[in-house]
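Trainee: Okay, handing you the structure first.
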Amino acid sequence: MRIGLLASTQMSDFVLNTLKPVLEDKHLDVALVIIDSRPKLTLKQKIKKNFKRGRGGYMLVMAVQSYFNKQLPSKDTKLFCVENGLEFIETSNHYADETIDKIKSYELDILVLTGGFGIIKKPLLEVAPMGVLSYHHGNMRKYRGMPPAFWELYNNEKEMGVTVQLLSAGLDKGIPVEEITVPIEQEDTLKTLETRAMQQSEIMLYKALIKIESGQYAPEEIKEYGKVYTLPNLRQWLIFQVKLLYRKISKNIHAESKFSVKHKN
């Protein structure tokens with residue numbers, strides 16, 4: 001199977017971990033990496049953009065938190081390609097005829113979206129006969145959009161889903177190839193739940209590719225897709241913090257109650 005990667009200029013540890021077993025399997029050939037080289041929005045531009053959409057307060061809070069938090073490690077995508085002997089092209093115009101023709105010349109079987117590119121449109125969806133694979137950290141029957149793990153905690157869910165899907169037109173309206181369920185613990189925060197979901201789902205891309213490559217995959221379309229969620233506004237973020245605090249207090253009260261009963265007996 002000849003694979004093309006749709007990638008941003010940097011690869012997170014999560015992306016690198018998902019690709020490790022793919023690169024190690026001799027039956028899978030990563031023949032091309034297509035890098036989205038468009039300039040990224042600055043933090044100021046992101047805040048301004050989201051203020052216009054009513055979510056600027058949340059973005060401002062996230063910006064302050066990211067300033068004090070440790071930067072997540074990542075690797076330059078071109079360096080990743082060089083280290084692994086992979087061919088790559090850079091493009092700032094994904095849907096130009098010359099870009100699509102260049103990708104077609106590699107006769108890829110499937111594309112894998114690892115970062116960048118935004119919502120994938122028809123020309124890229126159809127450039128490889130098997131389509132485009134992508135992660136969605138959520139159960140598409142209930143949660144589409146973003147951010148991962150936030151709305152599941154906000155809505156007091158007992159679990160969150162993770163999906164590797166074959167993309168189709170529309171946001172998170174693809175066909176699931178691999179799915180898992182991650183239990184939500186009482187003490188979970190956004191970071192702990194997101195981290196656990198990422199860790200448990202790293203192998204899913206490889207499993208999805210093997211399933212498709214072996215011909216064992218029988219597409220099963222979702223009959224009804226869930227609501228599309230977006231970044232929360234400041235009010236929703238504050239409510240979310242209260243809910244997390246309530247969960248923590250409830251857990252401590254329950255633990256103290258069990259301790260008291262145990263010692264009375």
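Trainee: In Å², what does the accessible area per residue of the range 112-265 work out to with a 1.4 Å probe?
Mentor: On the way: 8840 Å² over 154 residues.
On a per-residue basis, the range 112-265 sits at 57 Å².
Trainee: Now a separate question. Once the other residues with Cβ under 14 Å from the Cβ of PRO129 are scored (Lys, Arg +1; Asp, Glu -1), what is the net sum? Walk me through the numbers before you get to the answer.
Mentor: On the way: positive: ARG2, LYS104; negative: GLU107, ASP109, GLU126, GLU213.
Surrounding charge for PRO129 is -2.
Trainee: Please list, or write none, the aspartates and glutamates whose alpha carbon is within less than 15 Å of the alpha carbon of LYS142, excluding same-chain residues fewer than 8 places away.
Mentor: In chain and number order, the partners are GLU152, GLU157, GLU159, ASP172, GLU179, GLU221, GLU224.
Trainee: Which trypsin sites (Lys or Arg not before Pro) from the range 137-196 combine a DSSP loop assignment with at most 13 other Cβ atoms within 10 Å? Don't jump to the answer; show the numbers that get you there.
Mentor: Numbers: sites: ARG141, LYS142, ARG144, LYS158, LYS173, LYS191, ARG196; in loops: ARG141, LYS142, LYS158, LYS173.
For trypsin sites (Lys or Arg not before Pro) across the range 137-196 that sit outside H, G, I, E and B with at most 13 neighbouring Cβ atoms in 10 Å, the list reads LYS158.
Trainee: Modelled label-to-label distance, LYS122 and LYS26, 7 Å Cα→beta-carbon offset: nm?
Mentor: 4.2
Trainee: For the range 97-106, what does the Karplus curve 6.51 cos²θ - 1.76 cosθ + 1.60, with θ = phi - 60°, yield as ³J(HN,Hα) per residue in whole Hz, taken in order and with x for Gly and Pro?
Mentor: Running phi through 6.51 cos²θ - 1.76 cosθ + 1.60 with θ = phi - 60° gives 4, 5, 5, 4, 5, 5, 5, 4, 5, 8 Hz.
Trainee: What is the percent carbon and sulfur in the accessible area of the range 110-265, measuring with a 1.4 Å probe over the protein chains and ignoring ligands? Working shown, then result.
Mentor: Values: 4790 of 8840 Å².
Percent of accessible area from carbon and sulfur atoms in the range 110-265: 54.
Trainee: Moving to a separate point now. Say each of LYS173 and LYS75 gets a label point 7 Å from the Cα, pointing the same way as Cα to Cβ; how far apart are those two points in nm?
Mentor: Distance between label points: 3.6 nm.
Trainee: Please give, to one decimal in nm, the separation of the simple spin-label points placed at SER250 and GLN186, each 7 Å out from Cα toward the Cβ.
Mentor: So the label points at SER250 and GLN186 sit 0.9 nm apart.
The values are calculated or read from the model by the stated rules, or taken from the named source; none is laboratory data. From a predicted model like this one, the values you see are computed outputs, not experimental measurements. Here Cβ is always computed from backbone atoms with ideal geometry, including for glycine, and neighbour counts include all displayed protein chains. The area values use the complete protein model at the heavy-atom level, side chains included, leaving out ligands, DNA and RNA. Shrake-Rupley method; radii C 1.70, N 1.55, O 1.52, S 1.80 Å.
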